[in-house]
Amino acid sequence: PMELGIGIDHFAALEVSDGEYRVLSLEGKRGSVLEDGAFSPDGKGSPGVWIKEVKDAQVQGRLCPATGTLRELLRTPLEIIHDECVDFCRRANPDDIPMQKDLFPLGT
């Protein structure tokens, strides 16, 4: 009931520092934000960031303001409900597997 998601386009970023944020976007790249601020599912706009919330059993999205405070952007949950799917996802995506260094060579 209090879930909030942040969707970030491929060529956008959400920079966070000292309790504030700003949306960064690469010029000339395609994204989901049209000139009027509407959502483009076909990527015919500029890169941006969207806030997604569930209201009345429907996912609703709104464009994230270009700048602001984290307090304005995020919220403290009133309660946390354990989802049984979390355990399955954790088992399917373990974080204790050693990384193969040859996949991401540094300085070579």
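Some values worked out for this structure:
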item: Top-ranked residue in region 1-35 [being in a loop (DSSP other than H, G, I, E, B) and among the small types (Gly, Ala, Ser); ranked as nearest to GLY61 (Cα to Cα)]; result: SER32
item: Whichever residue in region 1-40 is among the acidic types (Asp, Glu) and open to solvent by 100 Å² or more (accessible area, probe 1.4 Å) and, among such residues, is nearest to HIS82 (Cα to Cα); result: GLU3
item: Selection from region 46-59 of residues that are over 18 Å from LEU74 (Cβ atoms) and either at pLDDT below 95 or exposed (fewer than 13 other Cβ atoms within 10 Å of the Cβ) (or both); result: ASP56, ALA57, GLN58
item: Options ASP18, ASP56: the member that is within 16 Å of LEU70 (Cα to Cα), over 16 Å from the mean Cα position of the chain (by Cα) and acidic (Asp, Glu); result: ASP18
item: Any chance GLY43 is in contact with a His (Cβ under 9 Å, 6 or more places away or on another chain), open to solvent by less than 70 Å² (accessible area, probe 1.4 Å) and at pLDDT below 95; result: yes
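The values are calculated or read from the model by the stated rules, or taken from the named source; none is laboratory data. Just so it is clear, the structure is predicted and the values come from calculations on it, not from any experiment. Here Cβ is always computed from backbone atoms with ideal geometry, including for glycine, and neighbour counts include all displayed protein chains. Just so you know, the surface numbers come from the protein's heavy atoms only, side chains and all, with ligands and any DNA or RNA stripped out. Shrake-Rupley method; radii C 1.70, N 1.55, O 1.52, S 1.80 Å.
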